[in-house]
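**Student:** I have a structure I would like to understand better, so I am pasting it below and will then ask my questions one at a time.
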Amino acid sequence: MRLDKYLADMGAGSRSQVKQLIKKGLVSVNGIKASDPGMAVGGADTVECNGALISHRDHFYYMLNKPAGVITATEDDRQKTVLDLFPENMRKRLFPVGRLDKDTVGLLIITDDGQLDHELMAPSHHVDKCYLLKTDKPMDAEDRAVFKEGIELKDGTRFKEALLEIDPEDPCSARITISEGKYHQIKRMLLARGKEVIYLKRLSIGELQLDESLEEGAFRELTEEELNILHKKKSKAL
């Protein structure tokens, strides 16, 4: 693989940016300063850029604290997408795992690992997702009991059991845990009970928790511990 393509694919910058880094003498291969962006490199080569080791990686994994007002998509001609929150040179092959509504905030995984997407989001795998929600009207014990049994809408849509944990000090606030991810599921469930969801934030996917230090719109790479959690979940689902 060409050196400039390798660096770009590993997130060191765009092709034009890494060519400039090479030109400035900031890239070395096997300890020797590189001068040709087209030189061939492979997995056995040691590549450094700006003093940092650039290791080959099969996949990239990011945690995004999704803000309201952006859609969960890879591209759109009219609306801002979650990938628009990433530098352009990092977007190649990336996509969001699952979906969050435009006005929903919170935990979203961004990756290029299609198998992870399937294992975490396929309904048959029953991966729990926990959300914080606020409604326009107080929730009560009857809502909690109905959701525990599962709820069927008038149009015949059936939602599986959900755990509704109502804040005892604020009955308009609750945490809800679901194992599905149907279209507008939580909003439709609450609407069937006569309540409108006015705020929704995803807190966790399985055992992976949102890093609350991440501001809305910010992202970071998943830690090794977090990756182990995800891969453990994949292994259980297989």
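**Student:** If each DSSP helix of 4+ residues adds -39,500 (n - 2.57) and the sum is divided by the residues in the chain, what number results at 222 nm, nearest 500 deg cm²/dmol?
**Tutor:** Details: 6 runs with 55 residues, N = 238.
Result for the chain, helices only: -6500 deg cm²/dmol.
**Student:** Let me ask something else. Using r as the Cβ-Cβ distance of residue 102 and residue 152, and R0 as 22 Å, what FRET efficiency do you calculate, to the nearest 0.05?
**Tutor:** Values: r = 27 Å, r/R0 = 1.21.
The calculated FRET efficiency here is 0.25.
**Student:** Something else about it: Considering the options 138, 171, 199, tell which one lies farthest towards the positive end of the dipole of the stretch 128-205, charges being +1 on Lys and Arg and -1 on Asp and Glu at the Cβ, about the Cα centre.
**Tutor:** With unit charges placed on the Cβ atoms, the residue in question is 199.
**Student:** Hey, another quick one. Å³ per residue of the Cα convex hull, for the stretch 25-113? Write out the running numbers ahead of the final one.
**Tutor:** Numbers: hull volume 11.0 nm³, N = 89.
Roughly 123 Å³ of hull volume per residue.
**Student:** Let me ask another. Calculate, in nm to one decimal, what residue 68 and residue 225 gain on full extension: separation in residues at 0.36 nm each, minus their alpha carbon distance. Let's see the in-between values first.
**Tutor:** Details: separation 157, 0.36 × 157 = 56.52 nm, distance 2.79 nm.
The residue 68-residue 225 span can extend by a further 53.7 nm.
**Student:** Determine the gain in length on full extension of the stretch residue 117-residue 23; use 0.36 nm per residue of separation and subtract their C-alpha separation, reporting nm with one decimal. Could the numbers behind the result be given before it?
**Tutor:** Details: separation 94, 0.36 × 94 = 33.84 nm, distance 3.85 nm.
Length gained between residue 117 and residue 23: 30.0 nm.
**Student:** Ok, one more. Near residue 202, within a Cβ-to-Cβ distance under 9 Å, what is the net charge of the other residues, with Lys and Arg +1 and Asp and Glu -1? List each step's numbers first, then the result.
**Tutor:** Values: positive: 66, 129, 201; negative: none.
Overall, the nearby charge balance is +3.
**Student:** Nearest 10 degrees is fine. How inclined is helix 224-237 to the longest principal axis of the chain, computing both from alpha carbons?
**Tutor:** That helix lies at roughly 60 degrees to the long axis.
**Student:** While we're looking at this one, here's another question. Across every pair of different alpha-carbon atoms, what Kirkwood hydrodynamic radius in Å does the stretch 128-205 reach?
**Tutor:** On the way: mean 1/r = 0.0815 Å⁻¹.
About 12.3 Å, per the Kirkwood formula over Cα pairs.
**Student:** Let me know the charge dipole size of the stretch 128-205 about its Cα centre in debye, to the nearest 20, where only the beta-carbon of Lys, Arg (+1) and Asp, Glu (-1) is charged. Numbers along the way, then the final one.
**Tutor:** Working: 16 positive and 15 negative charges, 76 e Å.
About 360 debye.
**Student:** Also: Going down the list 92/160; 134/232; 80/201, which pairs span over 24 Å between their C-alpha atoms? Intermediate results must be reported in sequence, preceding the final value.
**Tutor:** Working: 92/160 36 Å; 134/232 32 Å; 80/201 19 Å.
In this structure, 92/160; 134/232 lie more than 24 Å apart at Cα.
**Student:** With +1 on each Lys and Arg Cβ and -1 on each Asp and Glu Cβ, how big is the dipole of the chain about its Cα centre, in debye rounded to the nearest 20? Write out the running numbers ahead of the final one.
**Tutor:** Details: 37 positive and 41 negative charges, 138 e Å.
That gives the chain a dipole magnitude of about 660 debye.
**Student:** Go through the stretch 186-202 residue by residue and turn each phi into a ³J(HN,Hα) via Karplus (6.51, -1.76, 1.60, θ = phi - 60°); whole Hz please, and just put x for glycine and proline.
**Tutor:** 5, 4, 5, 4, 5, 5, 5, 9, x, 10, 9, 7, 10, 7, 9, 9, 7
**Student:** Would you work out the charge dipole size for the stretch 3-53 about its Cα centre, treating the Cβ of every Lys and Arg as +1 and the Cβ of every Asp and Glu as -1, and quote it to the nearest 20 debye? Write out the running numbers ahead of the final one.
**Tutor:** Values: 6 positive and 5 negative charges, 45 e Å.
I would put it at about 220 debye.
**Student:** Let me see the P(r) profile for the stretch 3-53: every Cα-Cα distance counted, bins of 5 Å, each bin given as a percent of all pairs.
**Tutor:** It works out to 5, 26, 39, 26, 4, in whole percents.
FYI, it's all coordinate maths here, none of it is from the lab. Predicted model, so just to flag it, every value in this text is computed and none were measured. In this analysis, Cβ positions are derived from the backbone assuming ideal geometry, glycine residues included, and neighbour counts consider all displayed protein chains.
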